[in-house]
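The values are calculated or read from the model by the stated rules, or taken from the named source; none is laboratory data. As the structure is a computational prediction, the values presented were derived from the model and not from experiment. Cβ sites come from the backbone with ideal geometry, for glycine too, and all protein chains shown count toward neighbours. With ligands, DNA and RNA removed, areas are computed over all heavy atoms of the protein, side chains included. Shrake-Rupley method; radii C 1.70, N 1.55, O 1.52, S 1.80 Å.
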Amino acid sequence: MQLPLSIIICAHNPRRNYLERVLEALKYQTLSKDFWEILLVDNASDRPLALEIDLSWHPQARHIQEEQLGLTAARLRGIREATAGVIVFVDDDNVLDSDYLENAWQISKDFPFIGAWGGQIKPEFEVPPPCWAKPYLGNLAIREFERDRWSNLTEQYETTPCGAGLCVRKVVAQKYSELVHKNPKRASMDRKGKMLTSCGDSDLAFTACDIGLGTGLFASLKLTHLIPANRLKEDYLLRLVEGLAYSQIILAYFRGVLMPQSFWKSSKIYSLYLFLRYGLKTYSFHQAGIKGKNLAFQEIKMLENAAM
């Protein structure tokens with residue numbers, strides 16, 4: 001009998017205390033362990049996780065070694081190994097509420113037209129965020145809302161789940177694997193070592209729309225995102241803004257909805273206005289976004305030249 005859920009945890013040199021909390025939350029899920037499996041994908045960690053992390057408490061748990069560095073490579077390996085009809089991606093800093101898996105399974109049955117879905121992501125900061133960082137905290141995969149919403153349109157980010165706690169039907173995940181196989185450049189949109197590129201999760205979710213299904217967000221799904229102190233430092237947040245801006249343009253290009261580069265150009269007058277009106281930090285984050293977009297357009301130009 002096919003299991004309803006496969007839980008995939010992709011980890012590269014994870015914080016041990018964070019990963020232990022992730023696994024502890026899974027131990028006490030209200031959904032019986034007979035209905036789901038755990039795949040812990042070790043993505044080229046310096047010390048093999050199989051030597052340190054005990055999964056014997058779960059009857060259907062496996063350690064999987066993926067030596068190709070990168071979150072996309074780890075996800076694809078998990079997809080190949082998964083046996084269930086629905087996959088739940090749990091990051092190594094995601095602490096699921098005790099009913100998360102039960103609700104995810106119920107949603108899969110109640111909403112057969114939804115192919116990718118997620119829920120609320122509450123932050124738990126290791127240290128209090130500085131006041132200046134508040135406008136940028138949304139980039140740390142924090143999402144709280146009160147009502148369910150869904151759509152069958154791509155580029156509808158209001159209904160697009162984040163990678164944290166992302167649930168996808170196996171048929172969607174397999175189609176996404178085909179897309180990456182046909183265009184390996186898609187794999188560059190996710191974390192790779194210390195690089196802060198992203199949007200592979202959005203590409204995966206939008207694949208549901210490619211095959212006639214939809215994406216959705218459900219208030220009953222709740223998890224806590226553990227956020228370490230280093231992710232609140234200015235340098236990290238600047239690199240994150242740059243990486244997100246870059247990745248959004250690359251994703252749009254791969255999906256055929258790219259806007260003209262002139263749309264993204266920032267005039268020197270506007271930049272000067274931001275500096276004078278809001279100060280150096282706002283100006284710096286604005287420039288980080290512009291830098292990421294310009295880097296993306298440079299790469300797109302190289303890709304198109306290579307294809308000629």
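Worth pointing out:
- At the listed q of 0.08, 0.09, 0.15 Å⁻¹, the Debye profile of the chain, built from one uniform point per Cα, gives log10 I(q)/I(0) equal to -0.36, -0.45, -1.27.
- Its residues counted as N, the range 6-45 yields a C-alpha radius of gyration over 2.2 N^0.38 Å of 1.23.
- Each of LYS122 and ASP54 was given a label point 7 Å from its Cα along the Cα-to-Cβ line. The distance between the two points is 2.9 nm.
- Maximal additional length on extending the HIS63-ASN305 stretch stands at 82.9 nm, based on 0.36 nm per residue less the C-alpha distance.
- Computed over the chain: relative contact order in percent, which uses C-alpha pairs under 8 Å that are six or more apart: 20 percent
- In angstrom, the C-alpha Rg and Dmax of the range 177-221 are 12.7, 36.
- Whole-angstrom gap from the range 191-257 to the range 11-82, using each part's C-alpha centre: 21 Å
- Working from Cα pairs under 8 Å separated by at least six residues, relative contact order for the range 44-179 is 36 percent.
- In the chain, helical runs assigned H by DSSP with n ≥ 4 each contribute -39500 (n - 2.57); averaged across all residues and rounded to the nearest 500, the mean residue ellipticity at 222 nm is -12500 deg cm²/dmol.
- Nitroxide proxy distance, nm - points 7 Å out along Cα→Cβ at HIS181 and TYR236: 3.7 nm
- Taking every protein chain into account, the accessible area of the chain amounts to 48 square angstrom per residue (probe 1.4 Å).
- For ILE53, the amide hydrogen comes within under 5 Å of no other amide hydrogen, counting only partners 5 or more places away or on other chains and with H modelled in the peptide plane.
- Treating r as the C-beta distance of ARG16 and ARG80 and R0 as 25 Å, the FRET efficiency rounds to 0.40.
- Average silhouette area of the range 1-124, convex hull of alpha-carbon atoms, in square nanometres: 7.7 nm²
- The GNM of the chain, with springs linking C-alpha atoms under 10 angstrom apart, assigns the highest mean-square fluctuation among SER98, SER56, SER177 to SER56.
- Sorted largest first, extent of the range 177-261 alpha carbons per principal axis (Å): 40, 38, 25
- Shape category assigned to the range 120-212 from the gyration tensor of Cα positions, a/c cut at 1.5: oblate
- Of ALA245, LEU26, ALA187, farthest towards positive along the dipole that unit charges on Lys, Arg, Asp, Glu beta carbons give the chain: ALA245
- Available extension along the chain between SER220 and ALA252 is 8.5 nm, counting 0.36 nm per residue and deducting the alpha carbon span.
- Between 0 and 90 degrees, the angle of helix 71-81 with respect to the longest Cα principal axis of the chain falls at about 30 degrees.
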